Every structure is written in C-alpha cells, then in structure tokens.
1. When the Karplus curve 6.51 cos²θ - 1.76 cosθ + 1.60 is applied with θ = phi - 60°, which whole-Hz ³J(HN,Hα) does each residue of region 99-112 get, with x for Gly and Pro?
2. Between residue 65 and residue 126, how high is the FRET efficiency from 1/(1 + (r/R0)^6) when r is the Cβ-Cβ distance and R₀ = 35 Å? Nearest 0.05.
3. For the chain, what log10 I(q)/I(0) values come out of the Debye formula at q = 0.10, 0.11 1/Å, with one point per alpha carbon and no solvent?
4. For region 105-144, state which trypsin sites (Lys or Arg not before Pro) are in a DSSP loop and have at most 14 other beta carbons lying within 10 Å of their beta carbon.
5. In the structure displayed, which of 24/91; 36/136; 36/107; 64/98; 36/64 lie more than 22 Å apart, Cα to Cα?
6. Hey, fewest Cβ within 10 Å first, where do 126, 50, 79 land in order?
7. Using only the Cα atoms of region 9-78, each taken as one equal point scatterer with no solvent, compute I(q) by the Debye sum, divide by I(0), and report log10 of the ratio at q = 0.12, 0.17, 0.20, 0.24 Å⁻¹.
8. Place +1 on the Cβ of every Lys and Arg and -1 on the Cβ of every Asp and Glu in region 38-109, take the dipole about the Cα centre, and give the residue among 83, 101, 72 whose Cα lies farthest towards its positive end.
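Just so it is clear, none of the values below were taken in a lab; they were calculated from the coordinates. Because the structure is a prediction, the values reported are computed rather than measured. For neighbour counting, all protein chains shown are included, and Cβ atoms are generated from backbone atoms with ideal geometry for every residue, glycine included.
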Amino acid sequence: MNILIAYITKYGTTEACAQKLAEKLDGSVTLVNVKKDSSATAHGYDKIILGVPIYGGDIEREMKHFVHQNFPQIMGKPLGLFICGLFEGEKGLAGLKKAYPEQLLKKAVVTDLFGGSVVQSNLGFLERPIFRMITKIKTDYSNISEEKIEAFAQKMNEK
Ligand SMILES: Cc1cc2nc3c(=O)[nH]c(=O)nc-3n(C[C@H](O)[C@H](O)[C@H](O)COP(=O)(O)O)c2cc1C
C-alpha cells in the first residue's frame, strides 16, 4: 500500500504533523513538500493525504496548483485532508472550507483540523504584528491535537 502525504509548511508545524501521521499509517508513506518539489505528482499512490497551514484565512498557491494539476488522481483514491491553524470551532472550519475545493471535501474519507503552533521569535518583523492582529495571541502557543492525528490515521487505515 503506497500512501502519499503532500503538504506545505512555513515554520515546520504542518511538516511535523505530516511526519507524526506517517508513523501511524499502515503502508509505505511518501512525504512530499509540494512547495519545495514542483515536479511532485499524485500518480501511482493507493491513498492520498493533503495537509496545509492556514495564513490569513487562506492557503499558499502551490497546494492549489498541486490539486489542480493532480485532480483526477486525487479524486480517484481514498483521500484525507487536514489543515494546521490556530483557530478552532467555526473559524477553524472556515479555514478547512477555504483550503480545499468542495468536491475534495465531499469525497474525503476524513477531514480535520490538527491545530497549529507558533513561536513568536520565528516570525518576521512584519509578520509578527499581522499574526497578533489576526489571532490576538501574544505568546508562543500550540494547540496541536495528537488525538486528532491518531483518529485521522485510523480512518485512513480502515479504507
Ligand atoms: C501571519 C500569520 C497568519 C496566520 N493566520 C492564521 C489564520 O488565518 N487562521 C489560523 O487558523 N491560523 C493562522 N495562523 C497560524 C498558523 O496557521 C499556524 O501557526 C500553523 O501551525 C503554521 O504552520 P506551518 O509551521 O506548517 O507553516 C497564522 C500564523 C501567522 C504567522
């Protein structure tokens, strides 16, 4: 069973979540950062998982491009979709809806928000005030849910 986890990450949180997820999946997992590897493809995998962080309510264009380029392959296999972001509840779900096309969200075996994390000192000079304005968070913070990663993996393993 060959599984693809295609992700994007800026400060490493989504990558760390993708790695944790990979450890819990049954099969051979390939992790691909689609921002670093523009030749990445979803061809030849039995299951596909996509993961992206939310910035300013949206995702980076490289994942939109990957989805567009690989749409038939992604729609044709058991699919899991996750996002990383600090917002929970309705605001968190709004991020998930914005991240992926409706067809993918409907087709997915499992979708979830894994939470996010931030280290203030890592943020750029301009990014820090933007981050504080958007999230109202002024300290280092993490709400990554190991339980959600575990439950996501279980659902993918059942398919
Ligand atoms: C400038 C900035 C804007 C952000 N905007 C959002 C947002 O709109 N919604 C949200 O849920 N999280 C937001 N976050 C939190 C990130 O999604 C979170 O830190 C995530 O873990 C980053 O993942 P990465 O390290 O893989 O890039 C923002 C973070 C920064 C720095």
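1. Couplings: 6, 10, x, 3, 4, 5, 4, 6, 7, 4, 5, 8, 10, 7 Hz.
2. 0.90
3. Scattering profile of the chain, log10 relative to I(0): -0.33, -0.40.
4. Answer by residue number: 136, 138.
5. Working: 24/91 28 Å; 36/136 31 Å; 36/107 27 Å; 64/98 11 Å; 36/64 14 Å.
From the list (24/91; 36/136; 36/107; 64/98; 36/64), the Cα-Cα distance tops 22 Å for 24/91; 36/136; 36/107.
6. Taking fewest neighbouring Cβ atoms as first place, the list is 126, 79, 50.
7. Scattering profile of region 9-78, log10 relative to I(0): -0.32, -0.66, -0.92, -1.27.
8. 72
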